[in-house]
1. Tell me, please, whether a residue that is more than 19 Å from T276 (Cα to Cα) and in contact with a helix residue (DSSP H, G or I) (Cβ under 8 Å, 6 or more places away or on another chain) can be found in region 232-247.
2. Pick from region 87-107 the residues that are assigned to a strand (DSSP E or B) and without any contact (Cβ under 8 Å) to a residue 40 or more places away in the chain: which of them is farthest from the chain's Cα centre (by Cα)?
3. Looking at region 207-247 only, could you name the residues that are hydroxyl-bearing (S, T, Y) and surrounded by 14 or more Cβ atoms within 10 Å (Cβ to Cβ)?
4. If I filter region 11-22 for residues that are touching a residue at least 12 places away in the same chain (Cβ under 8 Å), surrounded by fewer than 17 Cβ atoms within 10 Å (Cβ to Cβ) and either outside the structural domain of M113 (by TED's automatic domain parsing) or charged (D, E, K, R) (or both), do I get at least one hit?
5. Taking region 121-167 as the search range and keeping residues that are within 22 Å of V90 (Cα to Cα) and loosely packed, with under 13 Cβ neighbours inside 10 Å, which one is modelled with the lowest pLDDT?
6. When you look at A68, is it over 25 Å from E294 (Cα atoms), among the small types (G, A, S) and either in contact with a His (Cβ under 8 Å, 6 or more places away or on another chain) or in a strand (DSSP E or B) (or both), yes or no?
7. I'd like to know if region 46-64 contains one or more residues that are closer than 23 Å to P147 by Cβ and under 15 Å from the mean Cα position of the chain (by Cα).
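The values are calculated or read from the model by the stated rules, or taken from the named source; none is laboratory data. Just so it is clear, the model here is predicted, and its values are computed rather than measured. Every residue, glycine as well, gets a Cβ built from its backbone with ideal geometry; the counts of neighbours run over all protein chains shown.
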Amino acid sequence: MRRFRTIRNVHERTIEAPAQVVGALLDRLSSADDPVWPAPAWSPMRFDRPLGVGADGGHGFIRYRVTAYEPGRRARFDFTPPMSGHHECVIEPVGRERCRLRHTLELERRGPMVLCWALAVRWMHDTVIEELFDNVERAATGTAGSPVRWSPWVRLLHRLMWERAAACDLPAGARLARVAFERTHYSDAWRMTMRPGMPRDPESWRGVLRGASFPVVGREGGEVLLGEDAGHLDFRASILVDDRQVTLSTVVRIHNWRGRLYWAVVKRVHPFMARTMLRRIHRRLALTAPSAAERAPSAPVPAAPQGS
């Protein structure tokens with residue numbers, strides 16, 4: 001039987017707070033008010049049910065299920081195929097007012113994983129875990145002593161691997177865009193998933209049209225409409241934000257042959273520019289959002305066991 005070598009990666013940090021305080025924070029992992037997972041800069045951890053044995057999910061393209069859970073002390077996640085291995089968080093008391101938080105990853109080296117781990121996964125994994133520790137420390141003590149800094153390589157990998165905008169139909173919620181013109185000669189729409197902590201106010205997303213200061217011609221609910229009229233064509237750009245996604249839509253009305261000629265050229269590059277601009281501001285707003293510890297409401301601290 002073929003045996004694979006195992007990648008083992010361990011992170012530890014001593015937190016100047018009681019183990020039950022840190023345990024209460026980790027018990028909220030993957031919840032709507034998760035105070036520790038470093039989203040939105042990284043893909044949020046999500047499961048098909050509350051944290052507990054049998055919960056299935058992951059973050060980004062990394063998939064796993066919860067195979068062991070001791071509230072306030074330990075959670076283990078086993079990877080699902082094609083990956084093989086596990087990662088887990090463990091909290092150990094170190095006296096009454098201090099504890100040690102440990103994250104251990106064990107992953108079988110097989111196929112392309114060997115190269116992927118060495119070139120990319122290891123660097124991003126280390127950064128994510130250290131940011132998770134930073135959030136635990138912030139939430140438990142009010143500050144993080146030495147927050148992790150991204151290396152130039154991590155910044156490049158993060159930029160390259162950020163999710164892409166997906167094409168979609170003009171959303172029903174984009175009512176201003178839908179009624180902008182009596183007759184529309186062109187329309188398209190691109191959407192991206194909203195992450196925890198990203199702004200829900202569409203005004204925050206107006207920078208999507210980078211380098212152009214188009215006037216606002218309408219606002220309604222979660223939609224803001226920008227646009228401009230010209231002799232050859234009119235256009236409107238709609239930014240629609242809800243709890244699940246942000247959508248950039250464009251509608252165009254052409255007036256004459258000059259407009260048709262102009263748009264015949266522009267529409268070849270417009271889809272690329274639209275999805276690139278949406279992706280750029282999506283990442284920028286994610287990176288400038290408050291940390292999970294800063295935006296999550298505090299939770300009651302469980303009482304220490306009698307005799308502890």
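1. Yes.
2. Within region 87-107, the first condition is being assigned to a strand (DSSP E or B), and the residues that meet it are 87-93, 99-107.
Restricting the remaining residues to those that are without any contact (Cβ under 8 Å) to a residue 40 or more places away in the chain gives 87-88, 90.
Working: H87: 20, E88: 21, V90: 24 Å.
The extreme case among them is V90.
3. Residues of region 207-247 hydroxyl-bearing (S, T, Y): 213, 238, 247.
Scanning region 207-247 gives S238, T247.
4. Yes, the conditions are met somewhere in region 11-22.
5. Across region 121-167, the extreme among qualifying residues is G145.
6. Numbers: over 25 Å from E294 (Cα atoms): yes; among the small types (G, A, S): yes; either in contact with a His (Cβ under 8 Å, 6 or more places away or on another chain) or in a strand (DSSP E or B) (or both): yes.
In short, yes.
7. Residues of region 46-64 closer than 23 Å to P147 by Cβ: 59-60.
Among the residues that remain, those that are also under 15 Å from the mean Cα position of the chain (by Cα) are: 59-60.
Yes, region 46-64 has at least one match.
Quick grid of which residues meet (1) closer than 30 Å to W42 by Cβ; (2) assigned to a strand (DSSP E or B); (3) touching a Phe, Trp or Tyr at 6+ places or on another chain (Cβ under 6 Å); (4) modelled with pLDDT of 95 or more:
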site	(1), (2), (3), (4)
G173	yes, no, no, yes
R191	yes, yes, no, yes
S204	yes, no, no, no
R210	yes, no, no, no
F214	no, no, no, no
T247	yes, yes, no, yes
V252	no, yes, yes, yes
V265	no, no, no, yes
